[in-house]
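This report refers to the structure that appears directly beneath it.
The values are calculated or read from the model by the stated rules, or taken from the named source; none is laboratory data. These numbers come from a predicted model, not from an experiment. For neighbour counting, all protein chains shown are included, and Cβ atoms are generated from backbone atoms with ideal geometry for every residue, glycine included.
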Amino acid sequence: MKSRFLSGLILLLFVSASHVMAETPNVIVIMADDLGYGDVSCYGATSLETPNIDKLANEGVRFTSGYCSASTCTPTRYSMLTGTYAFRGERTGIAPPNAPAIIKPGTETVASLLQGAGYKTAVIGKWHLGLGDEGGPDWNGELKPGPLEIGFDTCFLLPTTNDRVPQVYVHDHHVENLDPADPLWVGTKKPSPEHPTGITHRDTLKMDWSHGHNSTIHNGISRIGFYTGGHAARFRDEDLADKWVEESVKFIEQNKDENFFLFFASHDIHVPRIPHERFQGKTSLGFRGDSIIELDWCVGELMKTLDRLKLAEDTLVVFCSDNGPVLDDGYIDAAIEKIGDHRAAGPYTGGKYSVYEGGTRTPFITRWKGRIKPAVSDEIVCTIDLAASLAALTGQPLPEDASLDSFNVLGALLGDANAEGRDSLVQQDNGSSGTYGFRAGKWKLHRYDKKSARNVVVEKQLANTKVPRFQLFDLDKDPAEQHNVLDQHPDVAERLKQQLATIIQQ
Ligand code: NG6
Ligand code: CA
């Protein structure tokens, strides 16, 4: 792998010397939630159609080895923004409702790098990276630090995930529409004996839970965690996608005459999957499929906005996911019963929570009209590479102590002839759990440091099974990782073990 510094320098020279690329583009990163490799039609889905995502792929580069860095949300988002593997950071596993800000102020992020290049920056959608200082979020006061302290000029957020409390929007430093007379309380303990929950009022729920998710009820759905108050601020699950689009269109319109960076962090297709009424029943796959259609609609609306404002040729769009698919993630929404022939992870094994390819190899598309030549690429690229690549694109130097694991793969992202992606990639499941995948070329090593190398709850559908500590797979011959060939290739296994140990420093 060429050194990050050297390739950055070459690009910097290229960018500044070239009049063709004198203008840097706007950047929109659309990150889907829990969307699997096989969930969209341009990656092989036939049970539903995603015309807008397909159009993006037809006009850009569709990666067949595009990854997120973890098979859960918080570590992938942490790594995407910081360019550093989540296992190096603290508390980078799935964040609870009252988690403090995980990325500390002063950390260089994709947003701060682009802000430094003069971009107006926004994150709109799911955050799930904590808010507030060590004490956690001050829901009724200033929600700080948060995105604005790590390079975003503005934010409009769902604080964690919508299966976690509370169902309110955070706009910059405050809960939107919060009535001080009805303060918001969020906690882990039932606030009073009579507080209705998914257990005590199960028969009133509009969507039942299957595991966890049985605490406070809002909008007929019980959640992880408890909350009271803040009624005027609460939203309906059905309206989330519309809100993200509305706020994003506003942001793009406001900044159409200058460079902007928009991190569009969709909540589709995370649980509870409650698409807007107009999408309900649109697929044969139940609400999971209908949420994919809703996601596709969002992509279409963003692209329409770029077209309307004549920005399509001035905007690099990156479409990706935060982890692989899961069917039953805690609510009974018929995802399993209605799956039919649909293969959410495409040809791959595993999904969310797993270090099999299905956990992190996900849809990954780049489009920059007029600059990127439409292509399909099998170069290895990862969401963690956006930091170094976008820094290079905008001529921003990367400090030595920042973005430790991000490679400048800009050439590959732009589909340039002969441009290379990564040589290797660490795939992790959650936080610093001690479970790793390591892809190097066609080889894939699994390393399980803990005994339970699986998520028991989802194992019926997409599972890690009980396994030896190390396994080796040949992805060329065996993309589904079914045949452990460690004994046949001890030298390869040893090399990968060493490489992985060096990177994770364990
Ligand atoms: C798990 C939740 C799951 C989901 C996940 C986070 C239970 C039993 N399971 O702990 O439903 O919320 O966390 O998903 O509570 S992620 O995509 O944000 O990582
Ligand atoms: Ca996710």
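Here's a check for you: in the range 142-161, which residue that is in a loop (DSSP other than H, G, I, E, B), touching a helix residue (DSSP H, G or I) at 6+ places or on another chain (Cβ under 8 Å) and over 15 Å from Glu247 (Cβ atoms) is nearest to ligand 2 (Cβ to nearest atom)? Even if it seems obvious, please write down each step before you answer.
As a first pass, look at the range 142-161 and keep what is in a loop (DSSP other than H, G, I, E, B): 142-146, 151-153, 159-161.
Adding the requirement that they be touching a helix residue (DSSP H, G or I) at 6+ places or on another chain (Cβ under 8 Å) leaves 151-153, 161.
Now narrow it down to the ones that are over 15 Å from Glu247 (Cβ atoms): 151, 161.
Details: Gly151: 22, Thr161: 8 Å.
Here the answer is Thr161.
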### Query
Of the residues that make up the range 132-141, is at least one buried (at least 21 other Cβ atoms within 10 Å of the Cβ) and either in a helix (DSSP H, G or I) or within 16 Å of ligand 1 (Cβ to nearest atom) (or both)?
no
### Query
Only one of these conditions is not met by Val376: (1) more than 16 Å from ligand 1 (Cβ to nearest atom); (2) closer than 30 Å to Glu258 by Cβ. Which number is it?
(2)
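Identify, please: which residue in the range 263-317 is charged (D, E, K, R) and more than 22 Å from Asp237 (Cβ to Cβ) and is, among those, surrounded by the most Cβ atoms within 10 Å (Cβ to Cβ)?
Restricting attention to the range 263-317, the residues satisfying the condition of being charged (D, E, K, R) are 268, 273, 277-278, 282, 288, 290, 294, 296, 301, 304, 307-308, 310, 313-314.
Checking which are more than 22 Å from Asp237 (Cβ to Cβ) leaves us with 304, 307-308, 310, 313-314.
On the way: Lys304: 14, Asp307: 11, Arg308: 13, Lys310: 9, Glu313: 12, Asp314: 18.
Only one residue fits best here, namely Asp314.
Being surrounded by fewer than 22 Cβ atoms within 10 Å (Cβ to Cβ), within 16 Å of ligand 1 (Cβ to nearest atom) and among the polar types (S, T, N, Q) narrows it down to one residue among Ser222, Ser210; which is it?
Working: Ser222 fails: surrounded by fewer than 22 Cβ atoms within 10 Å (Cβ to Cβ).
Sole residue among the options that is surrounded by fewer than 22 Cβ atoms within 10 Å (Cβ to Cβ), within 16 Å of ligand 1 (Cβ to nearest atom) and among the polar types (S, T, N, Q): Ser210.
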### Summary
Cβ pairs under 7 Å, 6+ apart or interchain, first in the range 404-430 and without any contact (Cβ under 8 Å) to a residue 24 or more places away in the chain and under 25 Å from Lys373 (Cα atoms), second part of a loop (DSSP other than H, G, I, E, B) and within 16 Å of ligand 2 (Cβ to nearest atom), ordered by first then second residue, are none
### Query
Which condition number in (1) within 15 Å of ligand 1 (Cβ to nearest atom); (2) without any contact (Cβ under 8 Å) to a residue 40 or more places away in the chain is the one that Gly350 fails?
(2)
### Task
Could you please find all residues in the range 67-88 being in a loop (DSSP other than H, G, I, E, B) and either within 12 Å of ligand 2 (Cβ to nearest atom) or free of Cβ contacts under 8 Å to residues at least 60 places away in the same chain (or both)?
Cys68, Ser71, Thr72
### Message
I'd like to know if the range 322-335 contains one or more residues that are within 16 Å of ligand 2 (Cβ to nearest atom), touching a helix residue (DSSP H, G or I) at 6+ places or on another chain (Cβ under 7 Å), part of a helix (DSSP H, G or I) and touching a residue at least 40 places away in the same chain (Cβ under 8 Å).
### Response
no
### Message
Going residue by residue through the range 279-296, is there one that turns out to be within 16 Å of ligand 2 (Cβ to nearest atom), of a type in the set (D, E, K, R), in a helix (DSSP H, G or I) and in contact (Cβ under 8 Å) with a residue 40 or more places away in the chain?
### Response
yes
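A quick yes/no check of all residues on (1) touching a Leu at 6+ places or on another chain (Cβ under 8 Å); (2) of a type in the set (Phe, Trp, Tyr); (3) in a strand (DSSP E or B):
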residue	(1), (2), (3)
Lys373	no, no, no
Glu379	no, no, yes
Ala387	yes, no, no
Gly395	yes, no, no
Leu398	yes, no, no
Ala402	no, no, no
Asp405	no, no, no
Asn408	yes, no, no
Gly415	no, no, no
### Task
For the range 222-238, name all the residues that are under 26 Å from Glu294 (Cα atoms) and of a type in the set (Val, Ile, Thr).
Ile224
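Could you list, in sequence order, all residues of the range 417-428 that are part of a strand (DSSP E or B) and either of a type in the set (A, V, I, L, M, F, W, C) or under 24 Å from Thr24 (Cα atoms) (or both)?
Let us first name the residues in the range 417-428 that are part of a strand (DSSP E or B), namely 424-428.
If the condition is that a residue be part of a strand (DSSP E or B) and either of a type in the set (A, V, I, L, M, F, W, C) or under 24 Å from Thr24 (Cα atoms) (or both), then Leu425, Val426 are the ones that fit.
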### Query
Which ones in the range 242-270 are touching an Asp or Glu at 6+ places or on another chain (Cβ under 6 Å), within 16 Å of ligand 2 (Cβ to nearest atom) and farther than 24 Å from Thr46 by Cβ?
His267
### Query
Of all residues in the range 447-482, how many are at pLDDT 70 or above, closer than 20 Å to Gly434 by Cβ and assigned to a loop (DSSP other than H, G, I, E, B)?
5
#### Entry: Some residue of the range 162-179 being of a type outside the set (Lys, Arg), at pLDDT 95 or above, within 16 Å of ligand 2 (Cβ to nearest atom) and surrounded by 15 or more Cβ atoms within 10 Å (Cβ to Cβ)
yes
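Just wondering, is there one or more residues in the range 2-10 that are outside any helix (DSSP H, G or I), at pLDDT 95 or above and on the phi < 0 side of the Ramachandran plot? Please lay out each step first, then the result.
Step one: list which residues in the range 2-10 are outside any helix (DSSP H, G or I), which gives 2-3.
Next, from what is left, pick out any that are at pLDDT 95 or above: none.
Looking through the range 2-10, none of the residues is outside any helix (DSSP H, G or I), at pLDDT 95 or above and on the phi < 0 side of the Ramachandran plot.
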### Message
Looking at the range 81-101 only, could you name the residues that are touching a Ser or Thr at 6+ places or on another chain (Cβ under 7 Å) and either within 13 Å of ligand 1 (Cβ to nearest atom) or among the small types (Gly, Ala, Ser) (or both)?
### Response
Gly83, Ala86, Thr92, Gly93, Ile94, Ala95, Pro97
### Task
Kindly list the number of the only condition in (1) within 21 Å of the chain's Cα centre (by Cα); (2) crowded, with 24+ Cβ neighbours inside 10 Å that fails for Leu393.
(1)
